[in-house]
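Read the structure below first, then the notes.
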Amino acid sequence: MAAAAECDVVMAATEPELLDDQEAKREAETFKEQGNAYYAKKDYNEAYNYYTKAIDMCPKNASYYGNRAATLMMLGRFREALGDAQQSVRLDDSFVRFKNANAVMEYEKIAETDFEKRDFRKVVFCMDRALEFAPACHRFKILKAECLAMLGRYPEAQSVASDILRMDSTNADALYVRGLCLYYEDCIEKAVQFFVQALRMAPDHEKACIACRNAKALKAKKEDGNKAFKEGNYKLAYELYTEALGIDPNNIKTNAKLYCNRGTVNSKLRKLDDAIEDCTNAVKLDDTYIKAYLRRAQCYMDTEQYEEAVRDYEKVYQTEKTKEHKQLLKNAQLELKKSKRKDYYKILGVDKNASEDEIKKAYRKRALMHHPDRHSGASAEVQKEEEKKFKEVGEAFTILSDPKKKTRYDSGQDLDEEGMNMGDFDPNNIFKAFFGGPGGFSFEASGPGNFFFQFG
């Protein structure tokens, strides 16, 4: 009887404990279900709170730690998530999937290193992998968006930032990224508005502060340079554009315009090689920049680099098939064709706008200079070269002294096709006709290597 009484006492003592344990499990399950509901609504902070309550009620339940680990990953709190994940695995090894928290932390670490190295493509890759495990993490989205902007993928970056701002219109990081995209697209005034708004939300936002300062400085320098150019102060304009180029090397689109502007200044200063270099830098930054190709092509034309000019005009015409661009290409092709023929103006040493009298005087001078009789005592090689030059001088005079032939030559027409084949040309006939016929002119020696001209 005594033993039975003792047993009753023990049972009486343990029954309330069993009831309390079952009540705790039921309450913990209620907290878990509430946490699941908030998780489904993407309210991860409230989900975290209810999962924590569930764990407090039943600290030996692996699923509660697993759920809270998933929530912490969504909140971007990966070290805490890893701790919960490890605890869930210790309690039940079927929760091994939550070891992904460790992988996410590794992606984040790699991304931070690569950002410092300016390897933005790799950062985007790492953030994409991390977001597969934590699709709601704003920090990862912002880092990805910033790198997309640095890579010039502005629509993608804008989309990511806009998605965040729809959920949180005061997110300073997202406002900064929106401004950054506009800044790099050369919409500087709008960019400044976003940077200022970001700084209102977070006055200590260092990146927004730097970007805002650079944007204002770029805008001011560029406008001052434009003003100096319009006023004809090309030296000052050159200095201002150069200063503007030193403000932010990452702003590709604005810097392309600055290089092109400085190239225009150099062309005005007749520093054509420098102008070509500036335009080349502009198209390296923006290979769709038509204005830079046109400016460089004109500089190539001015320096008689016709093949390069044709190449640039072809690029322009392929992009924008306008009548103006077609004519520019046609003109360059004509000059290229003309450049491959004998330059009769250069042979006579006259300008393309030379008068009839100037052409005659030039012929007289060059014909006497290269006449074979003058070089009869020279070596065979020299005699051959001078004879060739004498013939070219005669050809040049024949073409340039005849208005019709000169017009055809200037227009780039093929003279052989026009019945003016110069292959059988005899320069002596021109020389005799010019200097008065046979016996009307002779070279006589007055000593070793000296000649004087005698007219009959």
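Annotations for the structure displayed:
- Solvent exposure of region 344-411 amounts to 59 Å² per residue of accessible area, where only protein heavy atoms count and the probe is 1.4 Å.
- In this structure, the amide hydrogen of residue 342, modeled 1.01 Å from its nitrogen in the peptide plane, lies closer than 5 angstrom to no residue at least 5 positions away or on a different chain.
- Under 16 Å from the Cα of residue 352 - lysines, other chains or at least 8 residues apart: 338, 342, 360, 361, 404, 405, 406
- The residue among 336, 359, 318 whose Cα reaches farthest toward the positive pole of the charge dipole of region 285-380, with charges on the beta-carbon of Lys, Arg, Asp and Glu, is 359.
- Across region 366-418, Cα-Cα distances exceeding 14 Å account for 59% of all pairs.
- Whichever aspartates and glutamates have a C-alpha closer than 15 Å to that of residue 432, once near sequence neighbours (fewer than 8 apart) are set aside: 373, 395
- Taking the 1.4 Å solvent-accessible surface of the chain as the whole, the part contributed by carbon and sulfur is 49%.
- Per DSSP, loop GluC sites (Glu not before Pro) in region 58-167 with at most 16 further Cβ within 10 Å: none
- Cα-centre dipole for region 178-223 with unit charges at Cβ (Lys and Arg positive, Asp and Glu negative), debye to 20: 80 debye
- Shown here for region 274-383: trypsin sites (Lys or Arg not before Pro) in loop regions (DSSP other than H, G, I, E, B) with at most 12 other Cβ atoms within 10 Å, namely 321, 340, 341, 352.
- Listed cross-link partners 257/284; 222/323; 291/315 are compared with a 22 Å cut-off, the Cα-Cα value being larger for 222/323.
- 3J(HN,Hα) along region 148-165: 4, 5, 5, 8, x, 9, 5, x, 5, 5, 4, 4, 4, 5, 5, 4, 5, 5 Hz, from the Karplus curve 6.51 cos²θ - 1.76 cosθ + 1.60 with θ = phi - 60°, whole Hz, x for Gly and Pro.
- Applying a DSSP loop filter and a limit of 16 other Cβ atoms within 10 Å to the trypsin sites (Lys or Arg not before Pro) in region 246-281 leaves 270.
- Using θ = phi - 60° in the Karplus curve 6.51 cos²θ - 1.76 cosθ + 1.60, the 3J(HN,Hα) couplings for region 173-182 round to 5, 5, 4, 4, 5, 4, x, 4, 4, 5 Hz; x is entered for Gly and Pro.
- Summing Lys and Arg as +1 and Asp and Glu as -1 over all other residues whose Cβ lies under 13 Å from the Cβ of residue 110 gives a net charge of -2.
- Scanning residues 5 or more positions from residue 61 or on other chains, none has an amide H under 5 Å from its amide H, with H placed 1.01 Å from N in the peptide plane.
- In a reduced charge model with +1 at each Lys and Arg Cβ and -1 at each Asp and Glu Cβ, the chain shows a dipole moment near 2260 debye about its Cα centre.
- Cα-based reach from residue 271 at 16 Å (exclusive), listing aspartates and glutamates while leaving out same-chain residues under 8 positions away: 239, 302, 304
- Positive-pole candidate from 198, 290, 305, dipole of the chain, charges at beta carbon: 305
- Each residue of region 118-125 was assigned a 3J(HN,Hα) from its phi angle through the Karplus curve 6.51 cos²θ - 1.76 cosθ + 1.60 (θ = phi - 60°); the sequence is 6, 8, 5, 4, 5, 4, 4, 4 Hz, with glycine and proline shown as x.
The values are calculated or read from the model by the stated rules, or taken from the named source; none is laboratory data. Predicted model, so just to flag it, every value in this text is computed and none were measured. Here Cβ is always computed from backbone atoms with ideal geometry, including for glycine, and neighbour counts include all displayed protein chains. For accessibility, only protein heavy atoms count, side chains too; no ligands or nucleic acids. Shrake-Rupley method; radii C 1.70, N 1.55, O 1.52, S 1.80 Å.
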